[in-house]
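In what follows, a structure is listed as structure tokens, so that the remarks can point back to it.
Just so it is clear, none of the values below were taken in a lab; they were calculated from the coordinates. Note that this is a predicted model, so its numbers are computed, not measured. We place every Cβ from the backbone using ideal geometry, glycine too, and count neighbours over all the protein chains shown.
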Amino acid sequence: MELPYSEPYKIKVTEAIRTSTRAERETWIREAKYNLFKVRSEQVTIDLLTDSGTGSMSDRQWAAMMTGDESYAGASSYFRLKQVIENIFGMPYFLPTHQGRAAENVIFSALLKEGDIVPGNSHFDTTKGHIEFRRCSAPDCTIDAAADTQLEIPFKGEMDLNKLEKIFKENPREKIPCTVLTITNNTAGGQPVSMKNIRETAELCRRYRIPLLIDSARFAENAYFIKTREAGYADKTIKEIVREIYQYADIMTISAKKDGVVNMGGFVAMRSEELMRQAMQFSIMCEGYLTYGGMSGRDLDALAVGLDENTEFEQLDARIRQVKLLGDLLDEYGIPYQRPAGGHAIFLDAKKILTHVPKEQFIAQTLAVELYLEAGVRGVEIGSILADRDPVTHENRYPKLELLRLAIPRRVYTDNHIRVIAAACRNIFERREQITSGYRITFETPILRHFTVELEKI
Ligand SMILES: *Cc1c(COP(=O)(O)O)cnc(C)c1O
């Protein structure tokens, strides 16, 4: 008999999960104003809110933390991370930041001025927030295919080069300080971008002399998909593929809380010394001195090891297999989600599941609350609450997709937990016809409202 697959690690430390009754969860979610960000973690059985900063570090990462150098300036931890960043990404300059959005803040402070245009393939919400906050616009150039959740194509997160070139042609070069390519495309469902598309995007940017910034939160998962799906890459290592990707980039921002497998951290890296000099002052003002930028020395060391370990095929394979297991179970039950299964999460297609809930009542949020009530599983809405209001008209924006994201933390849950999640989805799917109403907003902030929004049941 052929031996089945097993994970390339064993478990050294465990953390107890607190279970709850449906009645308890009904009270808690009401008290939380139907916003899952306001629910306490001990009120959650399986937490799929995010895979950001929630992964389990390896014993080597924990060991590296003991070698952390907490010197204010010139810490050896900084130089160890600098070496790893040079090896893996080939980027000569970098500024540590406390997380991804801080990297965006530092680099956009140096690059953007009011009225600028920063096109991209579905900017992440904080990226878009940082662009729009500076009174700039963030047009979306993702391929149309990304919006058809049932279409199975290998690289569904790609940049539409025609849409991008149209923006380049219609605007003066000075108004476009950079293009943002997000790998994997989080907002479109954790969908990857092919090397071909990365290369062609870079070529187009170069032709118009516009720097290419790669938003790199899940760069290693993207490299895994290039290896397993794109012709010509099967025999290359993840590290070789990553190195090739970053040959095409001028700048990278990264939330290290994802593929860096640390609980906190990020950085911005670049090729241009001049840009580094411009960005430095914003790092010092908002993050910290150049050699720690908002991170402890021990965190810099944990990240150096995390980046090295998580650019190995076996680690990525275990992770992506687990995400796929959830997708396969949903297939068995006929539950629609963004196909094919993404790198870090499954995105349930809430519009196709809760067909009787009007879009004005927040379809994906309604599904998120249902899943919490059903099994204490916490997912997150990627729909019209997340989309915020239009900055000009102040009308609600209704994106094409209403998704419930179930993000799988790295090395945290077992396949048995995955089976519980799938069963809970199935129970809701079976009674979907009875769910006919959703929620209305009673409190919201003008930007990034999803974190603090308060809702009431209709
Ligand atoms: C998480 C994420 C960010 C922001 O990073 P934080 O560490 O959460 O601040 C930016 N872009 C993408 C694609 C992300 O996934």
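Summary table below
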| item | result |
| --- | --- |
| Mean Kyte hydropathy of -1.0 or more with a Cα span along the axis of at least 27 Å, helices from DSSP in the chain | 313-333 |
| Environment charge of residue 259, counting only residues whose C-beta is closer than 10 Å and scoring Lys/Arg +1, Asp/Glu -1 | +3 |
| Cα-derived Rg to Rh of the chain, Kirkwood definition | 0.95 |
| Across 166/351; 128/227; 82/239; 113/175; 227/324; 156/196, pairs whose alpha-carbon gap is larger than 20 Å | 166/351; 128/227 |
| Beta bridge orientation in the chain: antiparallel %, DSSP, nearest 5 | 70 percent |
| Segment 1-63: chymotrypsin sites (Phe, Trp or Tyr not before Pro) in DSSP loop, at most 14 other beta carbons within 10 Å | 5, 9 |
| Rounded to the nearest 20 debye, dipole of the chain from Cβ charges on Lys, Arg, Asp, Glu | 380 debye |
| Per-peptide average of other Cβ atoms within 10 Å, ordering 333-341, 379-387 highest first | 379-387, 333-341 |
| Gap separating the Cα centres of segment 240-267 and segment 436-454, nearest whole Å | 32 Å |
| Segment 158-229: C-alpha gyration tensor shape, a/c 1.5 cut-off, then a/b vs b/c | prolate |
| Leading residue at positive end of dipole, the chain (Cβ point charges), from 63, 74, 399 | 399 |
| Segment 59-309: C-alpha gyration tensor shape, a/c 1.5 cut-off, then a/b vs b/c | oblate |
| Ranked list, fewest to most other Cβ atoms within 10 Å of each Cβ, for 274, 132, 104 | 274, 132, 104 |
| Furthest towards positive pole of dipole, 267, 141, 89, structure part segment 59-309, Cβ charges | 141 |
| Distance from segment 288-312 to segment 41-99 (C-alpha centre basis), Å | 3 Å |
